[in-house]
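Before any comments, here is the structure.
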Amino acid sequence: MSNRIQDVFKNKKAFIPFITCGDPDLNTTMEIVLAMEEAGADLIELGIPFSDPTAEGPVIQEANIRALSGGVTTDKIFEMVVKLREKTQIPMVFMTYANVVYSYGSDKFLKKAKEIGMDGIILPDVPFEEKSEFSAICKENDLSFISLIAPTSEDRIEMIAKEAEGFVYCVSSLGVTGMRSVITTDIGAMVELVKKAKDIPCAVGFGISTPEQAAEMSKKSDGVIIGSAIVKLIAEHGKDSVPYVSDFVRSIREAIDPA
Amino acid sequence: MSKGRFGVHGGQYIPETLMNAVIELEEAYDHYKNDASFNQELEELFNNYANRPSLLYYAEHMTKDLGGAKVYLKREDLNHTGAHKINNVLGQCLLAKKMGKTRVIAETGAGQHGVATATVAALMGLECEVYMGAVDCERQALNVYRMKLLGAKVHPVHSGTSTLKDAVSETMREWTNRISDTHYVLGSVMGPHPFPTIVRDFQAVISKEAREQHLKAEGRLPDAVIACVGGGSNAIGSFYHFIPDKEVKLIGCEAAGRGIDTAETAATISTGRLGIFHGMKSYFCQDEYGQIAPVYSISAGLDYPGVGPEHADLYDSGRAEYVPVTDDEAVDAFEYLSRTEGVIPAIESAHAVAYALKLVPTMSKDQSVIITVSGRGDKDVAAIARYRGEDIHE
């Protein structure tokens with residue numbers, strides 16, 4: 001399977017920002033995606049809001065609530081992606097919860113995701129044991145079903161890595177998404193275990209919020225994922241957040257590129 | 001298909017961070033459930049700490065008044081801490097101790113499960129933190145203080161609708177944050193495998209006793225067993241040993257709130273559809289896009305948008321039926337049982353009593369029913385007074 005995700009990690013460290021679609025509104029989401037690409041993002045994680053996001057810390061929980069109370073739905077997000085694809089070919093994956101996909105009809109949802117030009121999907125509440133009901137449909141539609149590994153995965157890493165597609169999402173810390181001052185997990189060892197099982201890029205997420213942390217994590221892996229730090233900027237600046245997000249993305253890009 | 005399935009329901013839809021924790025729990029449980037000394041220790045706690053076996057009480061006045069089937073009450077309200085919740089908590093905390101855990105966390109709706117967890121944590125010397133929706137903290141202020149008195153730390157949860165589902169989400173989040181020394185004492189037959197099985201097994205003592213007690217009293221099995229269903233732990237405990245007895249009707253009473261034709265309801269099987277949430281595939285109240293619905297019931301303990309996977313399967317197979325009971329009906333039944341039998345039931349249990357008030361008169365005098373009184377109603381007295389327009393505050 002070849003899609004745009006693989007190219008993201010070629011000859012460089014990848015930067016993968018996350019935003020919640022519809023926070024504060026879908027027009028701003030579109031502007032932010034385009035601005036992030038221009039500022040050096042390599043792949044975009046588009047969050048489809050869920051009422052009860054159990055893997056998220058307070059910052060992204062609140063973004064989900066803002067987006068849903070603004071009236072965003074899965075169908076409106078699909079329409080937004082269609083418009084985005086008229087302007088950009090940057091790789092994009094959805095990040096949402098199992099029920100958003102399952103309730104829509106997993107077949108219908110994933111087929112539609114492919115049609116509108118998405119490249120993959122991340123479902124943090126679908127572990128290895130439950131993935132087949134989603135990953136089989138992803139395969140039929142040439143979408144990458146992104147697997148996660150956590151600091152507690154240990155003996156499970158090999159099994160997960162062997163069936164991983166696109167890239168492996170390495171969860172840096174225990175707990176939920178959100179900014180942390182220190183990351184204590186031995187990321188280097190995690191990445192090594194993945195690579196031993198399969199030659200696949202590893203991107204590190206959860207807890208990264210500063211250029212320094214991004215630089216450090218990118219040295220130990222193939223890329224970094226940042227969500228809460230960006231969502232927080234959007235929470236603070238709303239419709240005017242584009243330049244703030246742009247500056248932040250640029251600062252991360254510079255931090256992870258070799259000097 | 002993964003482990004822990006009841007038909008299509010159940011499974012383990014949780015973040016990878018928790019997978020090794022639930023695998024460790026499953027392995028420990030598989031070991032200890034057949035361990036004689038573990039079971040002996042648990043029985044000792046049931047009998048000498050929790051006041052088991054609970055009575056199967058013949059409600060003579062109610063029987064005469066309704067003029068139909070004989071009514072028996074399974075008196076889980078007489079357990080220590082005043083509800084069935086202690087059965088599961090004693091089992092899980094004993095298991096946690098065996099696993100070397102030193103800290104337990106729990107969600108609570110009405111506060112009954114939180115109180116039970118705080119109680120057993122005090123007994124067993126475990127650190128205890130309870131997550132409770134901010135709205136429920138207000139509805140059940142005395143239980144909050146009770147937990148504090150028992151040495152637990154109570155965290156009001158302000159996310160979402162600030163009720164039971166949010167308390168569950170927050171406790172799951174806390175578990176991903178601290179796993180190595182912490183066991184999550186899930187309070188109902190829900191969540192990821194192995195919780196629905198573990199909780200059911202510890203609650204099955206209700207039907208194990210009730211079946212023997214009824215056989216002894218009547219020389220036959222009851223015609224129906226009636227219990228209230230939120231997540232469904234007292235109901236599955238009440239049903240379990242009767243499941244093979246096809247002639248015994250199993251009836252779960254869901255909280256309809258202001259009615260199943262309104263948005264203010266928590267009747268999952270009547271109004272929900274298949275989904276994936278809180279670690280399991282089951283029926284959930286949700287909108288067309290899978291957003292979980294903000295449910296409502298007068299009863300904080302039934303105010304949950306989902307139902308345990310084994311109930312979902314019992315519904316699919318037709319082995320059990322599930323009926324909606326409104327706030328009004330439950331409050332009437334709360335008052336009726338108090339007046340008629342001198343038993344003040346929890347408002348949750350009053351949902352089961354309410355359905356019995358409709359069913360029993362349609363049955364014949366040589367038939368009998370068991371109603372599980374899952375808890376006592378002291379915690380609800382002030383709220384019911386306010387519901388009736390009295391200006392009483394705790």
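The lysine pair tally for the stretch B:1-92, using Cα distances under 27 Å and a gap of 8 or more places or different chains, is 7. Remark: mean inter-chain Cβ contacts per residue of B:5-18 equal 6, using a 10 Å Cβ-Cβ cutoff to other protein chain atoms.
Separation of the stretch B:22-78 from the stretch A:21-73 is 48 Å, based on Cα centroids. Cα-based values for the stretch B:1-127, radius of gyration first and Dmax second, are 18.3, 56 Å. Over chain B, dividing the summed -39,500 (n - 2.57) contributions of all DSSP H runs of at least 4 residues by the number of residues returns a 222 nm mean residue ellipticity of -13000 deg cm²/dmol.
A Förster distance of 30 Å, applied to the separation of the beta-carbon atoms of B:ASP332 and B:LYS153, puts the FRET efficiency at 0.20. A cut-off of 5 Å between modelled amide H atoms, ignoring neighbours fewer than 5 places along the same chain, links A:ILE149 with A:TYR169, A:CYS170, A:VAL171.
Solvent-free Debye calculation, one equal scatterer per alpha-carbon of the stretch B:27-91: log10 I(q)/I(0) at 0.24 Å⁻¹ equals -0.96. Once both labels are positioned 7 Å from their Cα atoms along Cα-to-Cβ, the gap between B:SER37 and A:LYS198 label points is 4.4 nm. Among A:ILE65, A:ILE19, A:ILE234, the residue with the largest mean-square fluctuation in a Gaussian network model of chain A, with springs joining Cα atoms closer than 10 Å, is A:ILE65. For peptide A:148-160, the mean count of partner chain Cβ atoms within 10 Å of a residue's Cβ comes to 3. If you run the Gaussian network model on chain B, springs between alpha carbon atoms under 10 Å, then out of B:HIS278, B:HIS351, B:HIS31 the most flexible one is B:HIS31. For B:VAL229, the residues 5 or more places off, or on other chains, whose built amide H falls under 5 Å of its own are B:CYS253, B:GLU254, B:ALA255. Mean partner shielding of peptide B:168-180, defined as the number of other chain Cβ atoms within 10 Å of each residue Cβ, is 4. Global size of the stretch A:4-256: 16.5, 46 Å for Rg and Dmax (C-alpha atoms, Rg to one decimal, Dmax whole). Centre-to-centre, using Cα atoms only, the stretch B:106-120 and the stretch A:190-259 are separated by 40 Å. Taking other Cβ atoms within 10 Å as a rough exposure proxy, B:ASP223, B:ASP166 sort from fewest to most as B:ASP223, B:ASP166. Take the Cα of A:LYS87, step 7 Å toward its Cβ, do the same at B:GLU321, and the gap between the two points is 5.8 nm.
Only alpha carbons enter this Debye calculation for the protein assembly as shown, each as an equal point scatterer, and the log10 of I(q)/I(0) it gives at q = 0.06, 0.07, 0.11 Å⁻¹ is -0.34, -0.46, -1.03.
Spin-label pair B:LEU221-A:GLU236: with each label point 7 Å from Cα along the Cα-Cβ axis, the two points sit 6.6 nm from one another. Residue exposure proxy: B:TYR289, B:TYR72, ordered by other Cβ atoms within 10 angstrom of their Cβ from fewest to most, comes out as B:TYR289, B:TYR72.
Prolate is the label for the stretch A:52-100, because a/c, from the alpha-carbon gyration tensor with a ≥ b ≥ c as root eigenvalues, is 1.5 or above and a/b exceeds b/c. Mean residue ellipticity at 222 nm, helices only, chain A: -13500 deg cm²/dmol; runs of at least 4 DSSP H residues each add -39,500 (n - 2.57), and the sum is divided by the number of residues.
Give me the net charge of B:GLN286's neighbourhood, meaning all other residues with Cβ under 14 Å from the Cβ of B:GLN286; Lys, Arg count +1, Asp, Glu -1. So the surrounding residues net to 0. With only Cα atoms counted, the stretch A:110-150 has Rg and Dmax values of 10.0, 31 Å. Loop-located trypsin sites (Lys or Arg not before Pro) in the stretch A:80-151 (DSSP state not H, G, I, E or B) with no more than 11 neighbouring Cβ atoms inside 10 Å: A:LYS87. Using the Karplus relation 6.51 cos²θ - 1.76 cosθ + 1.60 with θ = phi - 60°, the per-residue 3J(HN,Hα) values for the stretch A:118-123 come to 7, 10, x, 8, 10, 10 Hz, with x marking Gly and Pro.
Count the net charge of all other residues whose Cβ sits under 12 Å from the Cβ of B:GLN367, scoring Lys and Arg as +1 and Asp and Glu as -1. Summing Lys and Arg as +1 and Asp and Glu as -1 gives 0. Taking the centroid of alpha carbons for each part, the stretch B:288-310 and the stretch B:170-221 are 19 Å apart.
Translational diffusion coefficient of the stretch B:301-394 (Stokes-Einstein, Kirkwood radius from Cα pairs, 25 °C, 0.890 mPa s): 166 µm²/s. Take the Kirkwood radius over Cα pairs of the stretch A:79-124, plug it into Stokes-Einstein at 10 °C and 1.306 mPa s, and you get 144 µm²/s for translational diffusion.
With neighbours defined as other Cβ atoms within 10 Å of a residue's Cβ, the residues B:HIS80, B:HIS393 order from fewest to most as B:HIS393, B:HIS80. When both bridge partners sit in chain B, DSSP labels roughly 30% of those beta bridges antiparallel.
Computed over neighbours whose Cβ is under 14 Å from that of B:ALA21, the net charge equals -4, Lys and Arg +1, Asp and Glu -1. Normalised by residue number, the volume inside the convex hull of the Cα atoms of the stretch A:148-201 is 80 Å³ per residue.
Please list B:112-122, A:171-181, B:241-251, B:191-201 highest first by mean number of surrounding beta-carbon atoms within 10 Å per residue.
B:112-122, B:191-201, A:171-181, B:241-251
Along its first, second and third principal axes, ordered by size, chain B spans 56, 47, 43 Å in Cα coordinates.
Taking A:ASN11, A:ASN99, A:ASN141 in turn, the Gaussian network model of chain A (Cα-Cα springs below 10 Å) assigns the largest fluctuation to A:ASN11.
Bear in mind these aren't lab numbers, they're just calculated from the coordinates by the rules spelled out. These figures come from a predicted structure and were not determined experimentally. Virtual Cβ from ideal backbone geometry, glycine too; neighbours counted across all protein chains shown.
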